[in-house]
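Colleague: This structure is in C-alpha cells; I'll ask about it shortly.
The values are calculated or read from the model by the stated rules, or taken from the named source; none is laboratory data. A quick note: this is a predicted structure, and the numbers were derived from the prediction, not measured. Don't worry about glycine lacking a Cβ; one is built from the backbone with ideal geometry, like all the others, and counts go over all protein chains shown. Please note that ligands, DNA and RNA were not included when accessible areas were found on the heavy atoms of the full protein model with its side chains. Shrake-Rupley method; radii C 1.70, N 1.55, O 1.52, S 1.80 Å.
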Amino acid sequence: MAAALICSQTDLQPELGHTVLWRTGIERHVALRLEDARTMAVAARPDIVVIDRDLPRADELIAALREDPGTRRVSIAIVARGDLDPAELALLQAGANAILRMPPGPDWDERLVRLLDIPARRDARLPVELGVDTLGTGVGERVPAHAVNLSRSGILIETTAELRVGDDLELELQLDGDRVVAGGRVVRQAGPRLFGVRFAPLVPGAAERIERFVDATEA
C-alpha cells in the first residue's frame, strides 16, 4: 500500500480530497508541526511527503528529510496557494521535487502518480561529463562531475560547477563501458555540491541501457 505524509497546520482534505491522495489504497498520515513530521516520516516510511508552503520552517523539514538516510529518497511535493513566491525556490533548492499550485488542477493526479511511482535507484560513483548551457545559447562549457546514484528517471550528481535549479544539462555517462548521453534539468540542490537532475525524454537505447545498469546486481 502506498503511503502519504501530509504536513500542514490547516486541514487540506477539502482540497486534496479530490485527488489521487484520497483514493482507496493510499495510507495517509498528517503532521501539524515540523518535529512531528520528522518523526512520522521515519516511522511511516511514506512514498510521498506533501508539505504546505506556509508550514513554518518548511525548508528545514525538507533539508532534514534529505539528510536522513531513511527518508532522503522520498518524493516531496509542495502545495502552495496564490502566485509564485520567491521562497518556493528555496524549497526546491532544499530538496523538494515539485510545486503544486492550489486549488488542484487537471494535471495534479498525473504529477502525483509520477511522484508516488518511485523508480529503482542504484548507488554508483561514476564519472560524468556535463554540458552546461548557462547562457541559454544551446552551446555550453564541458565540466566534470560524478554520479552519486542513478535511476531511470534521473541522477544525483556531485560537481563543483555553479549550477542552479532550472539549468538544462547534457550528461555523458560511462555505464559498464557503454557511452550513454542524456539531456536533463536540475530540479533540486541536495547539498553544497549535490544536484538532482531529472532526465529529459531519452534517445532510443539510452533508457534501456540505464535500466539494465540500475537493475544489475552489484558484485
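Colleague: Pull out the extension gain between Arg121 and Glu67, defined as 0.36 nm times the separation in residues minus the alpha carbon to alpha carbon distance; nm, one decimal.
Modeller: Going from the current span to full extension adds 17.7 nm.
Colleague: Would segment 58-127 count as rounded, prolate or oblate if I go by the C-alpha gyration tensor, calling it rounded below 1.5 in a/c and otherwise prolate when a/b exceeds b/c, oblate otherwise?
Modeller: Taking the square roots of the gyration eigenvalues as a ≥ b ≥ c, segment 58-127 is oblate.
Colleague: Give me the accessible area per residue for the chain, probe 1.4 Å, as a whole number in Å².
Modeller: Averaged over the residues of the chain, the accessible area is 52 Å².
Colleague: Further, regarding this structure: Quick one: what are the phi-derived ³J(HN,Hα) couplings along segment 153-158, Karplus 6.51/-1.76/1.60 with θ = phi - 60°, whole Hz, x for glycine and proline?
Modeller: Each residue's phi maps through the Karplus curve to give 9, x, 8, 9, 10, 10 Hz.
Colleague: Let me ask something else about it. Could you run the Karplus curve 6.51 cos²θ - 1.76 cosθ + 1.60 with θ = phi - 60° over segment 45-54 and give me ³J(HN,Hα) per residue in whole Hz, x for Gly and Pro?
Modeller: 6, x, 7, 8, 10, 9, 10, 5, 3, 8
Colleague: Right, next: Using 0.36 nm times the number of residues separating Arg33 and Arg45, minus their current alpha carbon distance, what extension gain do you get?
Modeller: Roughly 2.6 nm would be gained on extension.
Colleague: Once amide H atoms are placed 1.01 Å from N in the peptide plane, what residues at a sequence separation of 5 or more from Ala2, or on another chain, have their amide H within under 5 Å of its amide H?
Modeller: Counting only residues 5 or more places away or on other chains, the set is Glu27.
Colleague: Still on this structure: Given H placed on each backbone N at 1.01 Å, which residues far from Ala200 in sequence or on other chains put an amide H within less than 5 Å of it?
Modeller: Gly183, Gly184, Arg185
Colleague: Right, here's the next one. Using only DSSP helix segments of four residues or longer, with each worth -39500 (n - 2.57), what per-residue ellipticity at 222 nm results for the chain after dividing by its residue count and rounding to 500?
Modeller: One gets -6500 deg cm²/dmol as the mean residue ellipticity at 222 nm.
Colleague: According to the square roots a ≥ b ≥ c of the eigenvalues of the Cα gyration tensor, what is the shape class of segment 1-134, taking rounded for a/c under 1.5, prolate for a/b larger than b/c otherwise, and oblate for the remainder?
Modeller: On the way: a/c = 1.42, a/b = 1.29, b/c = 1.10.
It is rounded, given that a/c, with a ≥ b ≥ c, falls under 1.5.
Colleague: Just to be sure I understand the model, the point goes 7 Å from the Cα along the line to the Cβ. What's the resulting Asp54 to Gln13 distance in nm?
Modeller: 1.9
Colleague: Expressed as a whole number of Å, what is the distance separating the alpha-carbon centroids of segment 143-168 and segment 25-77?
Modeller: Their Cα centres are 23 Å away from one another.
Colleague: Per residue of segment 89-95, what does 6.51 cos²θ - 1.76 cosθ + 1.60 with θ = phi - 60° give for ³J(HN,Hα)? Whole Hz please, x for Gly and Pro, Karplus curve as stated.
Modeller: Values, residue by residue: 4, 5, 5, 5, 5, 6, x Hz.
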